[in-house]
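The values are calculated or read from the model by the stated rules, or taken from the named source; none is laboratory data. For clarity, every value in this text was computed on a predicted model and none was experimentally measured. Cβ coordinates were reconstructed from backbone atoms using ideal geometry, including for glycine residues, and neighbour counts include every protein chain displayed.
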Amino acid sequence: MPVTADKKILMAGAAIAIAAGLSQPAAAQSARGELASASDVDTNFARDRNVSVTQRPRDGYQAVGLRMGSFMAYPKLSVGAEFNDNIYATDGGETDDLIWKVAPEINLSSDWSRHSLNAFARASILRYQDFDTENSEDITVGASGQIDLLRNSFISFGADWAQLVEPRTSPNAVSGAVAPTEYETTGARIAISHELNRLRLSGGYDLKTYDYEDGRNPAGGVITQQYRDRDEHTLTARADYAVSPAAALFVEIARNERDYRLNRPAVTLVRDSEGYRALVGANFETGATARGEIAVGYLSQEYDDPTLSDIDGFGARAQVEWFPTQLTTVTFTGSRTIEESASPGSAGYTSANVGVKVDHELMRNVILTGNVSQGKDDYQGITREDDRFNAGLGATYLLNRNAGLTVAYSHMEMDSSGVGGQDFKVNKIGATLALQF
């Protein structure tokens, strides 16, 4: 059986991740008694021997927050500017602009000894210097919580709502629209987890709704987008078995339904579908050098419309953190999933992705970051394939506990063949000042 390009991408990413996970020195293997935390004693599934560079507490540079009864509030405001050399993500005739950004945010969290409740609200406001049709406001609010049933058993829940703008670089972005597509999402989820000695059982339900606004072309005509409105339901069940306090094997099965609001004769293509994902994998921590999760399995999505071919095949998910030193964290990621398509004639596509991100603590208050990723999308029903590449560099300087400055550069390119895609290259460079309390 021939090995396809997206399988090669995933196989390469998995090989890198496994190599990182198995390359720890003997000294790290024997250090468990000294480094083990309290949670290691209570459960076979803790993976907290090490702390990544971005998660590490930094005395004197952390927000203190505001006390509100039994809750803590953490307000934050980010302001910045970014230069984009291709704001419409086109191939040829690129248009550049300077973009001003304002992003207020507040997080609220309980400090109870048992149970927890959290809420947040954030916005991202973009204003273009010369092309105000690209101006946008993203707003997201949400809440989540956890009810502790027993020492290692709990129910978690959450809900969120967002008003968003689809980036011009999205594979589903509308070509030729005067302004980017606006849409709303609403989500709700509930999950339960119970741990019994070496066995952990968990399951959950997730609902996500999408509502899109129609666009306009330069002549004032309507570019319909409401055919994308849908509800996505997902049921997930998982069983983990700890073969040791530092490694567990698991089986995960997820069933989904994707129900679109419009049907014939309002649309010519019925995009409703049902599918499942079955994965087997390992969750591990190799001493204090690496931790992560790798899973492989099978994906399937069956469409109600008889003119659409079903999608099935190899599925994967991986994330491995490697700690070559206490000052450096290298994160490997990989996935192969089935995504929804907005292209005429196609209801879905397989998306394979691998990436690596490096965070380095140059000084206690100076963090350097670099990342690179590669992806491939293969569309069902039409002859379209997209190859995506992303790379970026950044540096964050924490001035004190109330302020930090970040400068960043990113490069994105897409090479699309077939119907409906577009080729482009986009470079961005900018600076952001974050203020927090």
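Here are some notes:
- Single residue of the range 367-395 satisfying the filter (part of a strand (DSSP E or B) and among the small types (Gly, Ala, Ser)) that is nearest to Gly420 (Cα to Cα): Gly375
- Identity of the residue in the range 164-178, farther than 20 Å from Asp377 by Cβ and buried (at least 17 other Cβ atoms within 10 Å of the Cβ), that ends up modelled with the lowest pLDDT: Ala177
- Flag set for Thr329, criterion: in contact with a Phe, Trp or Tyr (Cβ under 8 Å, 6 or more places away or on another chain) and under 30 Å from Gln55 (Cα atoms).
- Residue that is nearest to Leu399 (Cα to Cα) [pool: residues in the range 53-79 that are loosely packed, with under 12 Cβ neighbours inside 10 Å and touching a residue at least 24 places away in the same chain (Cβ under 8 Å)]: Gly60
- The condition of being within 24 Å of Arg168 (Cα to Cα), basic (Lys, Arg) and touching a residue at least 24 places away in the same chain (Cβ under 8 Å) holds for Lys101.
- Filter pass, Val330 being closer than 30 Å to Asp387 by Cβ, in contact with a Pro (Cβ under 7 Å, 6 or more places away or on another chain), touching a residue at least 60 places away in the same chain (Cβ under 8 Å) and of a type in the set (A, V, I, L, M): yes
- Between Thr383, Thr406, the distinction of being in contact with a strand residue (DSSP E or B) (Cβ under 9 Å, 6 or more places away or on another chain) and either surrounded by 19 or more Cβ atoms within 10 Å (Cβ to Cβ) or farther than 23 Å from Val79 by Cα (or both) belongs to Thr383 only.
- Ile192, sole failed condition from (1) β-branched (Val, Ile, Thr); (2) over 27 Å from Phe157 (Cβ atoms); (3) in contact with a Ser or Thr (Cβ under 8 Å, 6 or more places away or on another chain): (2)
- Residues that are within 26 Å of Thr234 (Cβ to Cβ), acidic (Asp, Glu) and in a strand (DSSP E or B), drawn from the range 284-320: Glu293, Glu302, Asp312
- Taken over the range 223-275, the criterion of being in a loop (DSSP other than H, G, I, E, B) and over 26 Å from Tyr183 (Cα atoms) is satisfied by Pro245, Ala246.
- Verdict on Ile125 being closer than 24 Å to Leu235 by Cβ and surrounded by fewer than 16 Cβ atoms within 10 Å (Cβ to Cβ): no
- Residues in the range 110-134 that are over 22 Å from the mean Cα position of the chain (by Cα), assigned to a strand (DSSP E or B) and under 30 Å from Gly69 (Cβ atoms): Ser110, Ser116, Leu117.
- Subset of the range 287-338 (residues that are out of contact with any Ser or Thr (no Cβ under 8 Å at 6 or more places or on another chain) and aromatic (Phe, Trp, Tyr)): Tyr298, Phe314, Phe332
- Selected residue (only one of Leu108, Leu126, Leu150, Leu117 is in contact with a strand residue (DSSP E or B) (Cβ under 8 Å, 6 or more places away or on another chain) and modelled with pLDDT under 95): Leu150
- The set of residues from the range 244-275 being closer than 20 Å to Arg317 by Cβ and loosely packed, with under 15 Cβ neighbours inside 10 Å comprises Leu249, Arg255.
- Selection count where residues are surrounded by 22 or more Cβ atoms within 10 Å (Cβ to Cβ), among the β-branched types (Val, Ile, Thr) and under 18 Å from Met414 (Cβ atoms), scope the range 327-373: 2
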